[in-house]
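Chemist: Let me begin by handing over the structure; questions about it come next.
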Amino acid sequence: MSIDTILSILDNLEKLHISLLRIANDKTALIKSGDIMGIDQLLKDEQAHIAAVVQMDNDRQKAVTAYFAGQGRPVPQNPSVATLIEAAPEPDKARLTEAKDRLLHAIHELKRQNDLNQKLTYQSLQFVNLSLDMIRPRPESATYSKTEITGRKETKDIPSFDSQA
């Protein structure tokens with residue numbers, strides 16, 4: 001397996017992550033507008049992209065394993081791009097490092113956007129709960145009052161016999 005094959009896989013992974021970033025940006029706009037049906041459709045698209053990322057990453061691991069085996073080197077248990085960069089010859093190291101950095105940048109941007117979407121969703125949920133709390137009647141207190149404990153009301157004794165009548 002050649003380095004060019006691995007670079008192609010890394011480029012495809014970067015494209016998939018950039019596409020996921022576009023979906024996350026669209027999701028932000030839909031969360032702000034409250035379009036539940038649009039969010040549902042984007043979630044389906046996102047799931048398809050995630051499945052493609054998982055498949056592409058499996059292909060990357062196989063390609064790195066095949067590269068190590070083709071070079072006659074011991075194959076690491078979980079072959080990563082970092083271990084490949086360490087083992088690659090000098091001209092390929094620069095290309096692999098650049099591809100890795102681009103992919104990491106796309107992943108970090110995606111993570112940042114997903115964090116924003118999570119915060120917006122949480123804020124929307126808080127608003128919904130606040131609105132429901134304002135509409136729902138208040139339940140009675142869950143604690144006992146002194147009257148309920150003693151079984152009688154604490155009132156001043158007012159005589160029932162009027163002696164001046």
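Chemist: On the basis of being out of contact with any Pro (no Cβ under 9 Å at 6 or more places or on another chain) and under 18 Å from LEU10 (Cβ atoms), does THR121 make the cut?
Modeler: No: the conditions fail for THR121.
Chemist: Could you check ARG73 against (1) part of a helix (DSSP H, G or I); (2) out of contact with any His (no Cβ under 7 Å at 6 or more places or on another chain) and say which number it fails?
Modeler: Here ARG73 clears every test but (1).
Chemist: Turning to a different aspect of this structure: Pick from THR97, THR28: which is at pLDDT 90 or above and closer than 21 Å to LYS119 by Cα? First the steps, then the outcome.
Modeler: Working: THR97 fails: closer than 21 Å to LYS119 by Cα.
Exactly one of THR97, THR28 is at pLDDT 90 or above and closer than 21 Å to LYS119 by Cα, namely THR28.
Chemist: Further question on the same structure: Looking for whichever is among the aliphatic types (A, V, I, L, M) and modelled with pLDDT of 90 or more here; the options are LEU20, LEU84, LEU125. Which one fits?
Modeler: Just a single option satisfies the conditions, and that option is LEU20.
Chemist: Given the structure, is PHE68 among the hydrophobic types (A, V, I, L, M, F, W, C), modelled with pLDDT under 90 and within 30 Å of ASN25 (Cα to Cα)? Let's see the steps before the verdict.
Modeler: Details: among the hydrophobic types (A, V, I, L, M, F, W, C): yes; modelled with pLDDT under 90: yes; within 30 Å of ASN25 (Cα to Cα): no.
Taking the combined requirement at face value, the residue does not satisfy it.
The values are calculated or read from the model by the stated rules, or taken from the named source; none is laboratory data. Computed from a predicted structure; not experimentally measured. Here the Cβ is made from the backbone with ideal geometry for all residues, glycine too, and neighbour counts use every protein chain on show.
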